[in-house]
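The structure appears below as C-alpha cells.
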Amino acid sequence: MFCPRCGKADQSPETYCRQCGLYLPDLSKPLKRESPPEEHLKANTVLSVMTIVASFTLSFLLFLILGFRSFTHPLIYVTAGLLLAIGGWHIQTLIRTLMLKKQWKRRAPLSENQGESSRGFKSAPTAKLLDQADFTDVVPASVTEHTTRHLVETPQSKTK
Ligand SMILES: [Zn+2]
C-alpha cells in the first residue's frame, strides 16, 4: 500500500510510514461499527431512572421497617444514607443525560443531511478514499507501455 500523506510505496498495513511516520491502518479489515449516540443516551436514561427508583425505594423501606426503633443498628442509617446519596447522584446524571439528549436533538437534523459520513466521528471518510487509491495499479496495458517507453527514452538521452 501507499502512504496517503507522502506517497511512499511498499508499506505494510498497521505500521507507521517509513518516510513520514504516519500511522497506516489496515484497510482490508472492516471498520468497527459504533452504536449511535442516541442509543447510549437512551440506555443511560433507563439506567439512571432504574437506579434512582431502586435506591430511594430501598432507603425508604429501610427507614420504614428498621429505622427509628430502640434496637436500630447505626449501620442501617449509614446504608440508607448511602442509598439516598446514590439516588441523588443518579438524579444529577439523569439531568445531564436529558440535557445531552436535548442538544443532540437540536443537532440531529443537520447531520442527517450529510448522511453516513457524519454519523460516527471515527468512521474516517479518508479510509474510503484510500481504498480507491489502490486502483492506480490497475492501469490499462496500452497506457502503461506508452508511458514506460517514453520515460525510459528520456533519461537515457540525458545521461549518455
Ligand atoms: Zn508517509
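None of the figures in this text is laboratory data; all of them are computed from the coordinates on show. Given the structure is predicted, the values throughout are model-derived calculations rather than measurements.
Miscellaneous remarks
- Using 0.36 nm per residue and subtracting the Cα-Cα separation, the extra length available between Leu27 and Thr57 on full extension is 5.6 nm.
- Using θ = phi - 60° and Karplus 6.51 cos²θ - 1.76 cosθ + 1.60, couplings along segment 74-91 (whole Hz; Gly, Pro as x): x, 4, 5, 5, 4, 4, 5, x, 4, 4, 5, 5, 4, x, x, 4, 6, 5
- Put simply, the amide H of Leu22, placed in the peptide plane, has neighbours under 5 Å in Cys17, leaving out anything fewer than 5 places away on its chain.
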